[in-house]
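Read the figures in this text as sums done on the coordinates, not as results from a lab. Nothing here was measured: the structure is a model prediction, and the numbers come from that model. We place every Cβ from the backbone using ideal geometry, glycine too, and count neighbours over all the protein chains shown.
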Amino acid sequence: MQDQCLSKYTKVVRILLILLLPLLLVLSTLSGDKNYGLLSVIFMIVAMVPFFLRFEKRRPEARELVVIAVMAALAALGRVAFAPIPNFKPTSAIIIITALAFGPEAGFLTGAIAAVASNLFFGQGPWTPWQMFCWGMIGFGAGILGKSGFLKGKLSLSIYGLLSGFAFGWVMNLWFIIGFVNPITWQAIIAAYLSSFWFDLTNALSTFIFLLVLTKPWLRKLDRIKVKFGLMK
């Protein structure tokens, strides 16, 4: 009965996700308030709710949450440790490895928590929900593709790392455009994406490099932990 209620609630949330942002934009336009930055933050927060509900539906044990918390802490610490090198971080790679070991929901939560935790050092702001969603979706996508067998080879995993690095930057560019560009024109959008290319390339290459270095030894240890303690069954 509880599972049915949770499933219905998840469907309602997804419907609200589809309807909420257009409705808010219409109301904002009618009222003369074009605060698209605030609306985008609300949208990103609502978009993350179904993933948290899906994970909660599994009734995770405390030891599973501990493992996710440790991996999220490592991802956040990696971002802080490499702070002197702009956009060169192991964060995305650690999130992807976690998703490959423990599944898509664990990958999403690891990414979302890592964004919040690392921003205790870098500073919280309206960009935090966007980062939570981006890193969460990178983990969720890795978990889905890993279960399907698409990320078993080094080549496919490397390609996913490169693409996820660019995708993170491209989505975060949307936050910059919505929050700071006025008026929003095609010229401004193109300029924003061109100016961020080298940052996005650095992020993509760092994810690629850290995946090559960390994936094999870390997965071996995480698989051993998963089998020993019966995690994520």
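What the table shows:
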| read-out | value |
| --- | --- |
| Within segment 73-94, backbone nitrogen closer than 13 Å to the virtual label 7 Å beyond the Cα of residue 176 toward Cβ | 87 |
| Inter-probe distance in nm under a simple model that places probes 7 Å from Cα toward Cβ, at residue 166 and residue 154 | 2.2 nm |
| For segment 60-229: rounded, prolate or oblate by the Cα gyration tensor [a/c cutoff 1.5] | prolate |
| Sequence ranges 214-223, 93-102, ranked by mean other-Cβ count within 10 angstrom, highest first | 93-102, 214-223 |
| Charge dipole of segment 60-229 about the Cα centre (unit charges at C-beta), most positive-ward option of 194, 168, 225 | 225 |
| Protection proxy ranking of 155-161, 129-135 - average other beta-carbon atoms within 10 Å, highest first | 129-135, 155-161 |
| Residue 192/residue 65 FRET efficiency (R0 22 Å; Cβ-Cβ; nearest 0.05) | 0.05 |
| Net charge, residue 131 excluded, C-beta distance under 12 Å - Lys, Arg +1, Asp, Glu -1 | +2 |
| For segment 211-218, Karplus couplings with θ = phi - 60° (6.51, -1.76, 1.60), whole Hz, Gly/Pro x | 5, 5, 7, 9, 4, 5, x, 6 |
| Test item: Cα-centred dipole of segment 60-229, Lys/Arg +1 and Asp/Glu -1 on Cβ, debye | 640 debye |
| Given 152/216; 147/216; 89/221; 154/226; 89/147, the pairs whose alpha carbons are separated by over 19 Å | 89/221; 154/226; 89/147 |
| Cβ-based net charge around residue 210, under 14 Å, with every Lys or Arg adding one and every Asp or Glu removing one | +4 |
| Ranked list, fewest to most other Cβ atoms within 10 Å of each Cβ, for 105, 64 | 64, 105 |
